[in-house]
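Following: one structure in structure tokens, then a few remarks.
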Amino acid sequence: MKDTIQEKQSSIIESFQSAFKNEVLLAKIIELCPFQIEVFNPEGISVLVNQAALKEFNIPSADMVIGKYNLLKDSSIQAMGYMDEVKRAFQGETVFFSDIRAPIEDVFERYGINDCDLEAIYHDITIFPIKDSQERLAFVVAFLYPRRVYRHVNEIIRAKEHIETHWMEPYDNNSAANVAGLSKTHFIRLFKKHTGMTPHDYYINFKMNKIKEKLSDSNFSISQAFAACGVDYNGHFAMVFKKSIGYTPSQYRNMLKQK
């Protein structure tokens, strides 16, 4: 496996080393790369991070990382038992790691991230030195190739199923968030990211479609159609219906009759 990783990423290393003499070219290679790249000075402090890395963890700005994060002082790397190998890169070696689970909880805590949908991500990692013309260590580059990415999709699916099952009842954000196993704030953000609407809007949309189904049945009066959906025609949901559908319930029924 180690040989496979080396073969796959050796060209990346060569590209960085050959571009080192041209800082503009090197920066462009890093920025345009679709995979996570971070560059460190000999003391382990981040001096450059690309957009792919920021986007993966939903970090708002490179300024939160550059000059502040020190790879050699990362307690999560120490806890996983990889620090000795990481240090070898700062001693001039190229080191490889296969299928490493990123400590995303530590990353989220470090940068105050609470709206990223990552559940787990596994990388093949190459850390290699770049030396100057005097063969002195100039930078150390970490290149992370994602092998497996897991996002909170299943949690959102469970929440959608819960909303669709309990559409007759008043909407309860806490209940839906509990089903998803997420905090309410995190749940709302992730739900909107995956569906394009808030959980409450999803509930309203689902309920309005059910009311439309009942209104299309001539065996139901308008009041009965609303009652069959657990709401009062003379109440709040008549206004919600008009706002959502663009017609009053009676206008909608008359429109159906004309078809």
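Here is a list: Asp74, Asp84. Which entry is at pLDDT 95 or above and more than 28 Å from Ser133 (Cα to Cα)?
Numbers: Asp84 fails: more than 28 Å from Ser133 (Cα to Cα).
Just one listed residue meets the conditions, Asp74.
Would you confirm whether or not the stretch 125-137 contains a residue that is part of a strand (DSSP E or B) and touching a Lys or Arg at 6+ places or on another chain (Cβ under 7 Å)? Scanning the stretch 125-137 turns up at least one residue that is part of a strand (DSSP E or B) and touching a Lys or Arg at 6+ places or on another chain (Cβ under 7 Å). Taken over the stretch 37-56, the criterion of being touching a Phe, Trp or Tyr at 6+ places or on another chain (Cβ under 9 Å) and of a type in the set (A, V, I, L, M, F, W, C) is satisfied by Ile37, Val39, Phe40, Ile45, Val47, Leu48, Val49, Ala52, Ala53. Only a single item in (1) touching a residue at least 60 places away in the same chain (Cβ under 8 Å); (2) within 16 Å of the chain's Cα centre (by Cα) is not met by Ser98, and it is number (2).
Here is a check on your reading of the model: is Phe139 hydrophobic (A, V, I, L, M, F, W, C), more than 30 Å from Ala227 (Cα to Cα), at pLDDT 90 or above and in contact with a Ser or Thr (Cβ under 6 Å, 6 or more places away or on another chain)?
no
Scanning the stretch 168-181 for residues that are over 23 Å from Ala227 (Cβ atoms) and more than 17 Å from the chain's Cα centre (by Cα) yields Asn173, Asn174, Ser175, Ala176, Ala177, Asn178, Val179.
Screening Asn234 against (1) assigned to a helix (DSSP H, G or I); (2) farther than 17 Å from Asp115 by Cα leaves a single unmet condition, (1).
As a summary of the residue check, Val86 satisfies the conditions (1) in a helix (DSSP H, G or I); (2) in contact (Cβ under 8 Å) with a residue 12 or more places away in the chain; (3) within 27 Å of Arg189 (Cβ to Cβ) except for the one numbered (3). Of everything in the stretch 169-197 that is assigned to a helix (DSSP H, G or I) and in contact (Cβ under 8 Å) with a residue 60 or more places away in the chain, the residue that is farthest from Val153 (Cα to Cα) is Thr185.
Considering the stretch 151-161, the residues that are surrounded by 13 or more Cβ atoms within 10 Å (Cβ to Cβ) and not hydrophobic (A, V, I, L, M, F, W, C) include one that is modelled with the lowest pLDDT, namely Arg151. Sort out which residues of the stretch 198-224 are in contact (Cβ under 8 Å) with a residue 24 or more places away in the chain and of a type in the set (Val, Ile, Thr), and write them in order of number. If the condition is that a residue be in contact (Cβ under 8 Å) with a residue 24 or more places away in the chain and of a type in the set (Val, Ile, Thr), then Ile204, Ile211, Ile222 are the ones that fit.
Number of residues in the stretch 112-139 that are among the hydroxyl-bearing types (Ser, Thr, Tyr) and in contact with a strand residue (DSSP E or B) (Cβ under 9 Å, 6 or more places away or on another chain) equals 2. Looking at the structure I just gave you, is Lys184 under 34 Å from the mean Cα position of the chain (by Cα), surrounded by 13 or more Cβ atoms within 10 Å (Cβ to Cβ) and either of a type outside the set (A, V, I, L, M) or not assigned by TED's automatic domain parsing to the domain that holds Pro170 (or both)? It is true that Lys184 is under 34 Å from the mean Cα position of the chain (by Cα), surrounded by 13 or more Cβ atoms within 10 Å (Cβ to Cβ) and either of a type outside the set (A, V, I, L, M) or not assigned by TED's automatic domain parsing to the domain that holds Pro170 (or both).
Between Ser46, Ser61, Ser18, Ser98, the distinction of being modelled with pLDDT of 95 or more and either of a type outside the set (Lys, Arg) or touching a Ser or Thr at 6+ places or on another chain (Cβ under 7 Å) (or both) belongs to Ser46 only. Checking each residue in the stretch 90-114 for being among the aromatic types (Phe, Trp, Tyr), touching a helix residue (DSSP H, G or I) at 6+ places or on another chain (Cβ under 6 Å) and either assigned to a helix (DSSP H, G or I) or not assigned by TED's automatic domain parsing to the domain that holds Gln36 (or both) picks out only Tyr111.
Yes or no, residue by residue, for (1) surrounded by fewer than 16 Cβ atoms within 10 Å (Cβ to Cβ); (2) under 27 Å from Phe191 (Cβ atoms); (3) among the aliphatic types (A, V, I, L, M):
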position	(1), (2), (3)
Ile211	no, yes, yes
Lys214	no, yes, no
Asn219	yes, no, no
Gly230	yes, yes, no
Ser250	yes, no, no
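The values are calculated or read from the model by the stated rules, or taken from the named source; none is laboratory data. Keep in mind that this is a model prediction, so the values were computed, not measured. Quick reminder, even Gly has a Cβ in these numbers, built from the backbone with ideal geometry, and neighbours come from all protein chains shown.
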